[in-house]
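For reference, the structure discussed in these notes is given below.
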């Protein structure tokens, strides 16, 4: 008999889901760190930087879409270690670059790293959705993302403590370890309940496009503002304040990740998103009114940390799995996770131009578009079934009534 945990799934499946997503997001972090290391060695020019990010994210986008198309045309016999093989090859190519300093190896690394992400993200995220039920998908995603987030600073520490060649070997060892663990776990995809879902069908789905528009707006605004926000805070309030507030925001995000996972499984996804967008819009409006008021910045970083936790759990893990049919989720996640991975490239592309925008105008611009993102959410259908929300509310009411009765009976005696 399968053993079930508090999170509503058996232990082996929970470990497998965690390992796949853990490897995916740690790979994303390691490849991002490695690309910055490459640029430090090669050049820090705008053209070189944009070229590197373009190769990485365009290869990711093309392969992600291509894999999701091919996955719909075959039986689910995909080897889960296939994408990890590309990660290992990428890290070995990076090691060759550190020895030879040949630009060809740097290009191949960036290309293979993007291919790895393109193969891994639709598979790992759809596997997670296929092996979770809609009523516990938020909390499982929240717990997994929280545990993964705690490891990401360690990867940055390893890179800063050693050279790029050591970090490349560390990356190889990291992914080989994941490769071997997955061989033991033997994850397998579920059978599809329907086939031949086109991208046109997905984009025409009311639930999908309304949530996607809000997600796209947030991803664009968040990455757009980073190029303005961080330099401004450092210049006005100092490096120490900037680092402190970024660390504080990260800690707040970690707590909100675990909280929101449970909240959205109880009360639904839509309500949490509307509150998150509204609060973040107010925070941007405050710093837009008076960007030199330090109180407003405390308020902004507090709200930003909470909102990032909300959006990460809902948009990265939950929504696309709720909307998509079981066994056919790769296309939904390929499109749905696109803003999360791709907007970093847009940020790098626009970086020289956004600094010319006045600070108050930029923050007011962000506030306006975040409030605008609430509009599609107001029309978006809730993805958590209404009967599930009512069932949990009824159960909560019954438990409260039971406690009240027990308290009343004790008082009589």
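The values are calculated or read from the model by the stated rules, or taken from the named source; none is laboratory data. Only a predicted model underlies this, so the values are computations on that prediction, with no experimental measurement involved. With ideal geometry, Cβ positions are generated from the backbone for all residues, glycine too; neighbour counts draw on all protein chains shown.
Structure summary
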read-out	value
Qualifying positions in segment 167-184 - over 24 Å from the mean Cα position of the chain (by Cα) and at pLDDT below 90	183, 184
Any hit, segment 302-311, residues being out of contact with any strand residue (DSSP E or B) (no Cβ under 9 Å at 6 or more places or on another chain), part of a helix (DSSP H, G or I) and either modelled with pLDDT under 85 or surrounded by fewer than 19 Cβ atoms within 10 Å (Cβ to Cβ) (or both)	yes
Residue 276 vs. criteria buried (at least 23 other Cβ atoms within 10 Å of the Cβ) and either assigned to a helix (DSSP H, G or I) or more than 17 Å from the chain's Cα centre (by Cα) (or both)	yes
Odd one out for residue 50, checked against (1) within 27 Å of residue 202 (Cα to Cα); (2) at pLDDT 85 or above; (3) assigned to a helix (DSSP H, G or I)	(1)
Search result, residues across segment 70-90 that are modelled with pLDDT under 90, over 16 Å from residue 125 (Cβ atoms) and surrounded by 14 or more Cβ atoms within 10 Å (Cβ to Cβ)	81
Positions within segment 279-298 being assigned to a helix (DSSP H, G or I) and touching a helix residue (DSSP H, G or I) at 6+ places or on another chain (Cβ under 6 Å), in sequence order	279, 280, 281, 283, 284, 285, 286, 287, 288, 296
Options 344, 374, 355; residue that is out of contact with any strand residue (DSSP E or B) (no Cβ under 6 Å at 6 or more places or on another chain), within 30 Å of residue 69 (Cβ to Cβ) and assigned by TED's automatic domain parsing to the domain that holds residue 218	344
Unique residue being assigned to a helix (DSSP H, G or I) and more than 18 Å from the chain's Cα centre (by Cα) when the list is 226, 236, 260	236
Residue that is farthest from the chain's Cα centre (by Cα), among those in segment 335-365 that are in contact (Cβ under 8 Å) with a residue 40 or more places away in the chain and part of a loop (DSSP other than H, G, I, E, B)	357
Meets criteria (at pLDDT below 90, surrounded by fewer than 16 Cβ atoms within 10 Å (Cβ to Cβ) and either in contact with a strand residue (DSSP E or B) (Cβ under 6 Å, 6 or more places away or on another chain) or assigned to a helix (DSSP H, G or I) (or both)) for residue 151	yes
